[in-house]
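The values are calculated or read from the model by the stated rules, or taken from the named source; none is laboratory data. Quantities reported herein were computed from a predicted structural model and do not represent experimental measurements. All Cβ positions, glycine included, derive from the backbone under ideal geometry; neighbour counts span all protein chains shown. Side chains are part of the model used for accessible areas, which takes the heavy atoms of the whole protein and leaves out ligands, DNA and RNA. Shrake-Rupley method; radii C 1.70, N 1.55, O 1.52, S 1.80 Å.
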Amino acid sequence: MLLATLNFHRMGCLINMQLIFLILLEMRIISGDVSSHYWETPYSQPYFDNSSRREVTSIVGQAALLQCRVRNLGDRAVSWIRKRDLHILTVGILTYTNDQRFQSLHTEGSDEWTLRISSPQPRDSGTYECQVSTEPKISQGFRLNVVVSRAKILGNPELFIKSGSDINLTCLAMQSPIPPSFIYWYKGKRLMNYSQRGGISVITERTTRTSKLLISKATPADSGNYTCSPSSSDSASVVVHVINGEHPAAMQHGNNSATTLIPSYRRRRMLSSSLTFNGGQMTSFYAKISTLYSILWSIIDFMIATNCCLVILGICLSQRLLHTSGRPNHWLNR
C-alpha cells in the first residue's frame with residue numbers, strides 16, 4: 001500500500017514538472033526566445049510558396065524550367081501533371097512518361113521541385129500542375145508558352161546599293177523572352193563582327209534586341225548574302241547588290257549615303273534583267289522602253305478597274321449597228 005502511494009506521488013510530481021516546463025516554454029515563445037516553428041513543424045500542412053513565377057516563356061529548343069516551391073512537405077510526394085491530358089509526368093524525382101524530355105529536379109533538403117523540359121516545342125505549350133499528395137490533394141498551375149524566336153532584318157529581302165553609298169542593315173530579335181547574349185553578322189560564311197576590312201562597324205543593343213551593321217563606302221565587292229544570327233533566335237538573311245550607277249525608274253533615293261531599294265509592283269516588273277549599263281549610265285533606249293512599259297500597264301490597270309473595255313466594246317457595237325441600219329437595203333430594190 002505504501003509502495004502504491006509513493007508511485008502515485010512520484011507520478012504526480014512528474015506531471016507537475018511537465019506542466020511547469022510547458023508553461024515556461026510558452027512564456028519563452030511569447031517573449032521571442034523560441035521560434036513558433038517549434039510547434040508548427042510536426043502539425044502544419046504543406047502549402048505552396050507563391051513567390052515562384054506562374055507563367056514561363058521559353059524558346060523552341062532551349063530548356064524550359066517550371067519551379068514549384070512547397071513548404072512543410074514532410075513525407076508527402078510532389079508530382080507534375082500535364083493538364084491537357086492529365087498525364088502524370090513525374091512523381092518525386094522519378095519520371096512516369098516515355099518522353100524523356102521531362103525530368104524532375106530536386107535537391108535534398110530544399111523546398112524546390114522543378115520540372116525541366118529539354119528541347120521544348122510549340123506543342124508543349126499549356127498548363128502544368130504541381131500536385132502534393134495530401135488528403136485532399138492540393139495543386140498549383142503553371143503556364144508554359146513555347147515560342148519560335150525569329151530574327152528580322154528591316155527592309156526588303158533584296159537590296160540594291162549604289163556604289164560609294166553606305167550599307168546600313170538593322171536586325172531585330174523578335175519574340176525573344178530574354179535579350180540575346182550576342183548577335184552575329186555574316187557575309188556568306190564570313191563573320192563580320194570582327195572583320196579586318198576598314199569601314200565596318202557593328203552596334204548591338206541587348207536591351208532592345210537590335211543590332212546594326214554599317215559598311216561605309218560600299219563597293220561591288222561588298223555584294224553578297226548578309227545574315228543576322230542572334231544567340232536565341234532563328235537567323236534572317238538579305239541579299240545586297242552594290243552596282244555602279246542606278247536605274248532611276250526602279251530605285252528609290254534616300255539620303256546621300258542611304259540604302260536604295262528596288263520596290264516590287266503588282267504586275268509591273270521593271271525588266272531588270274534586260275537593263276544594261278554603259279559607264280554607270282543606262283542607255284536612253286532602255287529608259288524609254290521602261291517608261292512606255294510603265295505607262296502601258298497603268299492604262300491597262302485603269303481600264304480594268306473602270307470596266308472601260310466593256311464600255312468601249314458597247315460603243316463599237318452601237319456604232320456598227322447604226323452604220324448598218326442607215327445603209328440602203330439594195331437587195332429589196334432588186
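For the pair segment 155-225 / segment 58-89, the C-alpha centres are spaced 41 Å from each other. Each principal axis of the Cα cloud of segment 47-147 was taken in turn, and the coordinate range along them, longest first, works out to 36, 29, 25 Å. Label-to-label distance for residue 44 and residue 137 is 2.4 nm, based on points extended 7 Å past Cα in the beta-carbon direction.
If only the Cβ of Lys and Arg carry +1 and only the Cβ of Asp and Glu carry -1, the dipole of segment 152-243 around its Cα centre is close to 160 debye.
Per residue, segment 40-178 exposes 54 Å² of accessible surface when a 1.4 Å probe is rolled over the protein heavy atoms with every protein chain present. Among the chymotrypsin sites (Phe, Trp or Tyr not before Pro) found in segment 135-186, those both in a DSSP coil and sparsely packed, with 16 or fewer other Cβ atoms within 10 Å of their Cβ, are 182. For segment 40-172, with all protein chains in place and a probe radius of 1.4 Å, 47% of the accessible heavy-atom surface sits on carbon or sulfur. Solvent-accessible area of residue 152, all protein chains in place: 110 Å² (probe radius 1.4 Å, heavy atoms, ligands and nucleic acids excluded).
In straight-distance terms, cross-link reach from residue 152 covers every one of the lysines whose alpha-carbon lies under 17 Å from its own, apart from those fewer than eight places away in the same chain; here that gives 187, 212.
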